[in-house]
Amino acid sequence: MNLHEYQGKSILKGYGVSVPYGVVAASPDEAYEAAKTIQKHNGSDKWAVKAQIHAGGRGKGGGVKIAKSLDEVRTYADQIIGMYLVTPQTKKEGKLVRKVLIEENIYYEGPEKVEEYYMSMLLNRNEGKNMIMYSPRGGMNIEAVAAETPEQIFHEVVDPKVGLQGFQARRIAFNLGLSGVAFKEMVSFVTALYNAYVGSDASLFEINPVIKAADGKIFAADSKVVIDNNSLFRHKDIAQMRDILEEDPTEVEASRYDLNFVKLDGNVGCMVNGAGLAMATMDMIKMSGGDPANFLDVGGTADAKRVEQAFRIILKDPSVKAILVNIFGGIVRCDRVAQGIVDAYKNIGEIDIPIIVRLQGTNAKEGKELIDQSGLKVLSAIQLAEAAKLVSEVVKA
């Protein structure tokens with residue numbers, strides 16, 4: 001589950017990570033009042049006005065502005081709220097901005113130069129351990145740093161059985177070229193950040209940039225936080241942060257029926273039971289000359305009602321030119337899936353695109369008989385190669 005920047009920072013703050021003082025606002029007037037609140041809190045005379053959407057690269061798209069007066073805060077908020085912000089991580093139409101985060105200025109003057117670093121925490125699947133990835137060259141062009149000067153990207157692997165060790169946090173601060181107050185601040189920052197990552201059951205923390213202020217203090221100037229959905233049952237407070245307005249409406253609808261659905265850009269809809277079989281099916285579609293329009297796993301306990309709802313969701317995509325149903329009956333019974341297909345035809349009405357059904361496993365014979373006797377325009381397949389051939393034929397037709 002993705003979080004907004006202000007939500008991620010609230011989690012970080014709870015674990016002792018230093019974040020700029022900020023207030024979220026949903027209108028220009030609220031932004032103005034938020035800036036006044038921040039000014040009273042710390043005397044700030046500059047503010048960051050930051051669009052809140054589930055995408056990075058907001059600065060490049062014009063979604064981050066620095067205001068030098070209260071009136072500018074209102075002006076920038078008015079420009080950003082309601083805009084469709086296009087960034088390298090959004091679709092071409094962009095994302096609608098509904099809120100902005102107003103933050104204190106952390107680029108203040110002092111005895112030292114302000115520096116920007118990059119830091120992220122994620123699972124290293126090759127090692128089966130957590131990993132801290134960081135660079136002394138953070139900011140908007142971190143992708144270019146990784147591509148052009150990969151030696152500037154450092155990694156620290158952390159064994160989850162023992163946690164982040166003191167010498168590892170110190171090595172990170174040393175590799176970032178820090179000393180004195182900033183060195184100690186970074187050690188504390190990294191330790192608190194790792195505790196937040198583990199404690200919140202996150203799958204990703206990305207802080208870009210991490211700021212070393214002019215007085216040596218360290219701040220998380222931004223936050224991209226992704227929480228493992230499987231852990232939300234023990235984080236009720238984080239679960240309440242879900243913003244379904246930022247998610248694909250079809251995926252939200254699918255989640256209501258316990259369907260694992262991800263929208264893709266292809267022309268062949270697929271309905272499968274099991275994630276592994278779904279991945280193999282999408283490969284098969286691609287090799288047959290088509291492109292998967294979705295990932296849809298109906299699960300191991302699919303019944304006729306769930307299958308019908310899966311059909312309805314797939315058919316909402318106008319780019320779908322054919323549907324492949326590939327079911328291996330282990331826990332799920334093939335005749336139940338077949339009944340769901342028949343019910344979908346009856347309840348949805350005429351479906352004018354080809355449907356290819358491959359049933360194998362428990363009650364596959366009964367399932368095929370149900371479909372064959374229904375009189376529906378469904379192409380039946382037994383072998384995977386046969387289904388692949390049918391996909392190729394209907395896509396090219």
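Remark: Lys36, Lys224, Lys236 ranked as Lys236, Lys36, Lys224, counting other beta-carbon atoms within 10 Å and listing the fewest first. Of the residues Lys9, Lys50, Lys113, the one with the fewest other Cβ atoms within 10 Å heads the list, and the complete ranking is Lys113, Lys9, Lys50. Once the Cβ-Cβ distance of Asp45 and Met83 is raised to the sixth power relative to R0 = 30 Å, the FRET efficiency obtained is 0.70. In a simple Cβ point-charge model (Lys, Arg +1; Asp, Glu -1; nothing else charged), the chain has a dipole of about 260 debye relative to its Cα centre. If every alpha-carbon in the range 115-238 counts as one equal scatterer, what log10 I(q)/I(0) does Debye give at q = 0.11, 0.14, 0.19 1/Å? Taking Cα atoms of the range 115-238 as identical point scatterers yields -0.37, -0.59, -1.07. At q = 0.10, 0.14 Å⁻¹, what base-10 log of I(q)/I(0) does the Debye formula yield for the chain when every alpha carbon is treated as an equal point scatterer in vacuo? Each listed q maps to, in turn, -0.79, -1.15.
Over the chain, with a Gaussian network built from C-alpha contacts below 10 Å, which listed residue (Asp243, Asp228, Asp343) shows the highest mean-square fluctuation? Comparing Asp243, Asp228, Asp343 in a Gaussian network model of the chain, the most mobile one is Asp343. Using R0 = 22 Å, the C-beta based FRET efficiency linking Glu127 and Ala275 works out to 0.45. Under a Gaussian network description of the chain, with springs only between Cα atoms under 10 Å, the residue in Thr90, Thr191, Thr149 that fluctuates furthest is Thr149.
Here is how the number arises for the chain: DSSP H runs of 4 or more residues each give -39500 (n - 2.57), the sum is divided by the residue count, and the result at 222 nm is -11500 deg cm²/dmol.
Once both axes come from the Cα atoms, what is the angle between helix 166-175 and the longest principal axis of the chain, in degrees from 0 to 90, rounded to 10? Orientation of helix 166-175: about 80 degrees from the principal axis.
Here the range 235-337 yields Rg over Rh of 1.00, to two decimals, using C-alpha coordinates and the Kirkwood radius.
A full extension of the chain between Asp243 and Asp258 corresponds to an added length of 3.6 nm, given 0.36 nm per residue minus the alpha carbon distance. Please work out whether the range 279-385 counts as rounded, prolate or oblate from its C-alpha gyration tensor, where a ≥ b ≥ c are the square roots of the eigenvalues and a/c under 1.5 means rounded, while otherwise a/b larger than b/c means prolate and anything else oblate? Because its axes are fairly even, with a/c under 1.5, the range 279-385 counts as rounded. With semi-axes defined as the square roots of five times the eigenvalues of the C-alpha gyration tensor, the equivalent ellipsoid of the range 21-104 measures 23, 11, 10 Å, largest first. Over all projection directions, the Cα-based convex hull of the range 154-222 averages an area of 4.7 nm².
Listed by chain and number, the lysines placed with their C-alpha closer than 25 angstrom to that of Lys217 are Lys9, Lys13, Lys36, Lys40, Lys46, Lys50, Lys65, Lys68, Lys113, Lys184; residues fewer than eight positions away on the same chain are left out. Compute the distance from the alpha-carbon center of the range 130-201 to that of the range 270-322, in whole Å. Each part's Cα centre sits 40 Å from the other's.
Among Ser319, Ser120, a tally of other beta-carbon atoms within 10 Å of each Cβ gives an order, fewest to most, of Ser319, Ser120.
In the elastic network of the chain, a GNM with C-alpha springs shorter than 10 Å, the most mobile of Leu85, Leu315, Leu70 is Leu315.
The numbers here are math on the coordinates, done by the rules we state, and not lab data. All of these numbers come straight from a predicted model, not from anything done at the bench. So basically every Cβ, Gly included, is an ideal-geometry build from the backbone, and we count neighbours across all protein chains shown.
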